[in-house]
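*Asks:* Starting off with a structure, shown below.
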Amino acid sequence: MAIEDSRMPGFHRLTPKERREKLSEVAGLTEEHVKAWESGTLDMGIADRMIENVIGTYSLPIGVATNFIIDGKHYAIPFVVEEASVVAAASNMAKRCLKSGGFRSSNDDPIMIGQIQVVGLKDVGAAQSSVLSSKDEIIELCNEVDPILVKFGGGCKDIEARSIDTDSGSMLIVHLLVDCRDAMGANAVNTMAETVAPKIEELTGGTVILRIISNLAVHRLARISATFTPEEMSDSGNDHVQGSEVINGVIQAFHFAAADPFRATTHNKGIMNAVSSVAIACGQDWRAIEAGAHAYAAFGKKNSTYGSMTEWSKDQNGNLVGSIEMPMAVGLVGGAIRIHPGAKANVALLGVETADELGKVMASAGLAQNLGALRALATVGIQAGHMKLHLQNMAATAGAVDDEIELVSNIVKSSGERITMAAVIAALESLRS
């Protein structure tokens, strides 16, 4: 069930229990979904089936980012993350593009690559020609593996072959291009690659070694864009001049990331703060998504060096226009998403019906998160907002307990001084004396 309005003013002021009740109401969730959030535990039997040598489980907070409209549909987006300010920043930036209609998507079909490595070839060029001339036969063999996937419009769609030079000599790399529909695709792609390996050896006269999916999903890109007016980018919401200055700062910060890999690494880490948080919340292989995203930032856009996953510019009206393009190998079929109660509850909250829809939600969260960081860096600095949200953790670390945590936080915030651990300790000592 899709929520009707993702804005939910005052949501952050509610207690966790009140937030759960609110989300259950607006998203039509079941008691089982709400219980999965409340307990935060994974049944030991399920955990023991998920991985080997299980000894227990490990919990992280689930937060919800509000204000997201994507292609005209409202979303409340679950984040599983330990870092303060991530959820708040994404929600804040999503709110600032509501007047422009929110986020817009343009995603590719869900095509994944299966790689088959062929070695020991006398003539790599001849082997390549042999494989490409037998495309139809190889595709047919692949699709016999998973007729259900083919029935739903997926399956192997094309074959590519290329020669590479390595320290072990020249190799032929065969790519199976597989439409995985609503699955991430690893099992289907790997099975197809292993099934056709003997045929590839027969065609090439070589030896097949690796038969495995690639996480650099260059044929499965999520593309998101959004427009922010100067008024929306200002602190007051109606100051055009101040908003224009913020926009200029954001663009200059982006240009820094686009030109410098040291900055781009931290810039993109901020994007993945959101993307990976949603991926974890929804039971996705977030390591695969991370690997593909960073590889694409380095090689996928024909970059000469590692650069930004996002782009920021001004349109003819002076509005800030942002976009993100990144591989998005996600699925709603198989894996943890079907057995982990928390993942099931979070997917139910999102109300997504396809892997494509989940991918555009994650990419939108990444774009919003990136703008939150750039706007902070271009204005007050990243620490101002982050440390305010991190303050209660600092108070607990200093030894504050129960009501002391909020009291110490309020003392430090009201002092107007820089938030440091020394200030927190002094506030705690003052309170207790």
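The values are calculated or read from the model by the stated rules, or taken from the named source; none is laboratory data. Just so you know, these numbers come straight off a predicted model, no measurement behind them. Backbone-built Cβ (ideal geometry, glycine too); neighbour counts: all protein chains shown.
Residues checked against (1) touching a strand residue (DSSP E or B) at 6+ places or on another chain (Cβ under 8 Å); (2) buried (at least 16 other Cβ atoms within 10 Å of the Cβ):
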site	(1), (2)
Asp108	yes, yes
Ile111	yes, yes
Leu121	yes, yes
Val124	yes, yes
Ser133	no, no
Ile138	yes, yes
Cys142	yes, yes
Val145	no, yes
Leu149	yes, yes
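*Asks:* Additional query: Which residues, counting only those in the range 129-142, are touching a residue at least 40 places away in the same chain (Cβ under 8 Å) and either in contact with a Cys (Cβ under 6 Å, 6 or more places away or on another chain) or part of a helix (DSSP H, G or I) (or both)?
*Replies:* Residues satisfying the conditions are Ser130, Val131, Glu137, Ile138, Leu141, Cys142.
*Asks:* Take the residues of the range 14-57 that are among the polar types (S, T, N, Q) and under 22 Å from Gly351 (Cβ atoms): which is farthest from the chain's Cα centre (by Cα)?
*Replies:* This residue is Thr30.
*Asks:* Does Leu121 qualify as being among the aliphatic types (A, V, I, L, M), modelled with pLDDT of 95 or more and assigned to a helix (DSSP H, G or I)?
*Replies:* no
*Asks:* Write out, first by first residue and then by second, each pair whose Cβ atoms fall under 9 Å of each other, whose residues are 6+ apart or on separate chains, and whose first residue, in the range 110-125, is among the acidic types (Asp, Glu) while the second is not in a strand (DSSP E or B).
*Replies:* The qualifying pairs are Asp123/Gly205.
*Asks:* Next question, about the same structure. Return the residue satisfying two criteria in turn: it lies in the range 35-57 and is of a type in the set (A, V, I, L, M) and within 16 Å of Ile337 (Cα to Cα), and of such residues it is surrounded by the fewest Cβ atoms within 10 Å (Cβ to Cβ).
*Replies:* Ile51
*Asks:* Could I ask something else about it? Taking the conditions exactly as written (surrounded by 13 or more Cβ atoms within 10 Å (Cβ to Cβ) and either of a type in the set (D, E, K, R) or not in a helix (DSSP H, G or I) (or both)), does Tyr75 satisfy them or not?
*Replies:* Yes, satisfied.
*Asks:* On to the next question. Looking only at strands (runs of 3 or more DSSP E) that lie completely in the range 149-246, which have at least 3 residues being closer than 26 Å to Ile271 by Cβ and in contact (Cβ under 8 Å) with a residue 12 or more places away in the chain?
*Replies:* 221-228
*Asks:* Within the bounds of the range 83-90, is there any residue that is out of contact with any Lys or Arg (no Cβ under 9 Å at 6 or more places or on another chain) and at positive phi?
*Replies:* So far as the range 83-90 goes, no, none of its residues is out of contact with any Lys or Arg (no Cβ under 9 Å at 6 or more places or on another chain) and at positive phi.
*Asks:* Moving on. Consider Gln115 against the criteria (1) at pLDDT below 95; (2) among the polar types (S, T, N, Q); (3) on the phi < 0 side of the Ramachandran plot: it satisfies all of them except one. Which criterion is unmet?
*Replies:* (1)
*Asks:* Go through the range 297-316 and report how many residues are surrounded by fewer than 20 Cβ atoms within 10 Å (Cβ to Cβ) and either more than 18 Å from Ala226 (Cβ to Cβ) or without any contact (Cβ under 8 Å) to a residue 60 or more places away in the chain (or both).
*Replies:* 11
*Asks:* Look at Ile324 and say whether it is of a type outside the set (Ser, Thr, Tyr), closer than 30 Å to His33 by Cα and within 19 Å of the chain's Cα centre (by Cα).
*Replies:* In short, no.
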